[in-house]
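Notes follow the structure.
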Amino acid sequence: MDHQENRQFRLARRPVGHVKREDFEFRTDPARAPEAGEIMVAVEYISLDPAMRGWMNEGKSYIRPVGLGEVMRAGALGTIIQSKAEGFSTGDVVTGALGVQSIATIAAKDCTKIDPALAPKPLFLSALGMPGMTAYFGLLAVGEPKPGETIVVSGAAGAVGALVGQIGKIKGCHVVGIAGGPEKCRYIVDELGFDAAIDYKSEKIPARLRETCPEGIDVYFDNVGGQILDDCLAQINLRARIVICGAISQYNNTTPVKGPANYLSLLVNRARMQGMIVFDYADRYAEGAKEMAGWLREGRLKSREDIVEGLETFPDTLGRLFTGENFGKLMLKV
């Protein structure tokens, strides 16, 4: 492939409800040559994350929305094909917000060099990337679990949830995962070592929480929001910690987000509910990645990737996140 052709998806309009192919423009442009301090990267893997849905909306958030006509923002991994930046050479492998495109020209300071000898490349977008850091700091720094406590995690078979549960087990906790469908529930118990799974598609969550968490809930790691958050709030313990990592059940709403009805449980139990954005821990990523890499090497942590081939499939593949069709960390292989 001629390195000068850049295939890319640009945001054409602000999506209403679920993301559609028409919300993007797919085009091929000449790749831009790097200027001083920049690198040109052949993108190999693109991370698809629920947060991308929020980045398409106008309005104030923790990060500037993607502008109309801009290449869609995404975390990605690739190999440098041209460098005008000190300390970065052709052939180096980097991760960063390279976007949904085949070639990215970007400031080197916004990228991180990785050592592909340490782990297969996709792992740097899952357990050793943003989902891994989200799970690690979200659970340990915000959730503050203590050995013997009970942790419940929703979206438990997803990229973040699966890691949260495993880290909880490493830290000596009783871990219950909420996931959709028998296959995902079997996976988190049999493969990942969760103590129990609750299938939100076929089981009554409040009753199953009482069964699987006889001692109540000390840490609830929330990836879904909505009714499941309410169900968990009803069963928290004194001084419980609720980590608000995401609310995928609400991201495609065309009506206002539904807040928790059971929030007085926080008062009665003197509990804490705290939002968590992974970028706040950027200066500590190296420490998190080092520990996670150690656990992966020792076999105490497993990571599952759901890799879809073809940049062109981007809009449809992204949609799989919101129907629960993906199984593991969803990414595109360019």
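The values are calculated or read from the model by the stated rules, or taken from the named source; none is laboratory data. All values reported here derive from a predicted model rather than from experimental measurement. For neighbour counting, all protein chains shown are included, and Cβ atoms are generated from backbone atoms with ideal geometry for every residue, glycine included. Heads up: the accessible areas ignore ligands, DNA and RNA and are worked out on the full protein's heavy atoms, side chains in. Shrake-Rupley method; radii C 1.70, N 1.55, O 1.52, S 1.80 Å.
Inspect region 251-266 for any residue being among the aliphatic types (A, V, I, L, M), closer than 22 Å to residue 162 by Cβ and surrounded by 14 or more Cβ atoms within 10 Å (Cβ to Cβ) and give the result as yes or no.
No; the residues of region 251-266 include none that is among the aliphatic types (A, V, I, L, M), closer than 22 Å to residue 162 by Cβ and surrounded by 14 or more Cβ atoms within 10 Å (Cβ to Cβ).
Would you mind stating whether residue 43 is in contact with a Gly (Cβ under 7 Å, 6 or more places away or on another chain) and at pLDDT 95 or above?
Taking the combined requirement at face value, the residue satisfies it.
Among the numbered criteria (1) open to solvent by 20 Å² or more (accessible area, probe 1.4 Å); (2) within 21 Å of residue 303 (Cβ to Cβ), which one does residue 207 miss?
For residue 207, the exception is condition (2).
Which of (1) out of contact with any Lys or Arg (no Cβ under 9 Å at 6 or more places or on another chain); (2) open to solvent by 20 Å² or more (accessible area, probe 1.4 Å) does residue 248 not meet, given it meets every other one?
Only one criterion in (1) out of contact with any Lys or Arg (no Cβ under 9 Å at 6 or more places or on another chain); (2) open to solvent by 20 Å² or more (accessible area, probe 1.4 Å) is unmet by residue 248, namely (1).
Looking at (1) of a type outside the set (D, E, K, R); (2) in contact with a strand residue (DSSP E or B) (Cβ under 8 Å, 6 or more places away or on another chain); (3) touching a residue at least 60 places away in the same chain (Cβ under 8 Å), which is the only condition residue 68 fails?
Among (1) of a type outside the set (D, E, K, R); (2) in contact with a strand residue (DSSP E or B) (Cβ under 8 Å, 6 or more places away or on another chain); (3) touching a residue at least 60 places away in the same chain (Cβ under 8 Å), residue 68 violates only (3).
Would you tally the residues in region 267-279 being at pLDDT 95 or above and either open to solvent by 80 Å² or more (accessible area, probe 1.4 Å) or out of contact with any Ser or Thr (no Cβ under 9 Å at 6 or more places or on another chain) (or both)?
Number of matching residues: 8.
Could you please give the count of residues in region 287-308 that are part of a helix (DSSP H, G or I) and either open to solvent by 80 Å² or more (accessible area, probe 1.4 Å) or closer than 17 Å to residue 192 by Cα (or both)?
Selection size over region 287-308: 8.
Within region 91-106, which residues are β-branched (Val, Ile, Thr) and part of a strand (DSSP E or B)?
93, 94, 95, 103, 105, 106, listed by residue number.
Among the residues that make up region 80-90, is at least one of them part of a helix (DSSP H, G or I), on the phi < 0 side of the Ramachandran plot and either out of contact with any helix residue (DSSP H, G or I) (no Cβ under 6 Å at 6 or more places or on another chain) or among the hydrophobic types (A, V, I, L, M, F, W, C) (or both)?
Within region 80-90 (the criterion being part of a helix (DSSP H, G or I), on the phi < 0 side of the Ramachandran plot and either out of contact with any helix residue (DSSP H, G or I) (no Cβ under 6 Å at 6 or more places or on another chain) or among the hydrophobic types (A, V, I, L, M, F, W, C) (or both)), the answer is no, since none of the residues qualifies.
What is the residue count in region 203-227 for residues that are within 25 Å of residue 50 (Cβ to Cβ), part of a loop (DSSP other than H, G, I, E, B) and acidic (Asp, Glu)?
Residues in region 203-227 being within 25 Å of residue 50 (Cβ to Cβ), part of a loop (DSSP other than H, G, I, E, B) and acidic (Asp, Glu): 1 in total.
Just need a number here: residues in region 94-124 that are open to solvent by less than 10 Å² (accessible area, probe 1.4 Å) and in contact with a Gly (Cβ under 8 Å, 6 or more places away or on another chain).
4
So, residue 33, is that one aliphatic (A, V, I, L, M), at pLDDT 95 or above and outside any strand (DSSP E or B) or not?
yes
Condition check ((1) assigned to a strand (DSSP E or B); (2) under 20 Å from the mean Cα position of the chain (by Cα); (3) among the small types (Gly, Ala, Ser)) across all residues:
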position	(1), (2), (3)
15	no, no, no
41	yes, no, no
49	no, yes, no
61	no, yes, yes
73	no, yes, no
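Select, from 44, 58, 25, the only residue that is open to solvent by 40 Å² or more (accessible area, probe 1.4 Å) and closer than 22 Å to residue 124 by Cα.
44
Six or more apart or on different chains, Cβ under 6 Å: which pairs go from a residue in region 187-211 that's touching a residue at least 24 places away in the same chain (Cβ under 8 Å) to one that's among the acidic types (Asp, Glu)? Could you list them?
Hits for this filter: 205/231; 206/231.
Among the residues of region 224-238, is there at least one that is under 18 Å from the mean Cα position of the chain (by Cα), under 30 Å from residue 129 (Cα atoms) and either surrounded by 13 or more Cβ atoms within 10 Å (Cβ to Cβ) or modelled with pLDDT of 95 or more (or both)?
So far as region 224-238 goes, yes, one or more of its residues are under 18 Å from the mean Cα position of the chain (by Cα), under 30 Å from residue 129 (Cα atoms) and either surrounded by 13 or more Cβ atoms within 10 Å (Cβ to Cβ) or modelled with pLDDT of 95 or more (or both).
Say we look at region 309-325 and pick out the residues that are part of a helix (DSSP H, G or I) and farther than 16 Å from residue 56 by Cβ; which of these is least open to solvent (accessible area, probe 1.4 Å)?
Checked region 309-325; the qualifying residue least open to solvent (accessible area, probe 1.4 Å) is 311.
Has region 248-255 got at least one residue that is among the hydrophobic types (A, V, I, L, M, F, W, C) and touching a Pro at 6+ places or on another chain (Cβ under 7 Å)?
Within region 248-255 (the criterion being among the hydrophobic types (A, V, I, L, M, F, W, C) and touching a Pro at 6+ places or on another chain (Cβ under 7 Å)), the answer is yes, since at least one residue qualifies.
Restricting attention to region 228-244, does a residue exist that is polar (S, T, N, Q) and part of a helix (DSSP H, G or I)?
So far as region 228-244 goes, no, none of its residues is polar (S, T, N, Q) and part of a helix (DSSP H, G or I).
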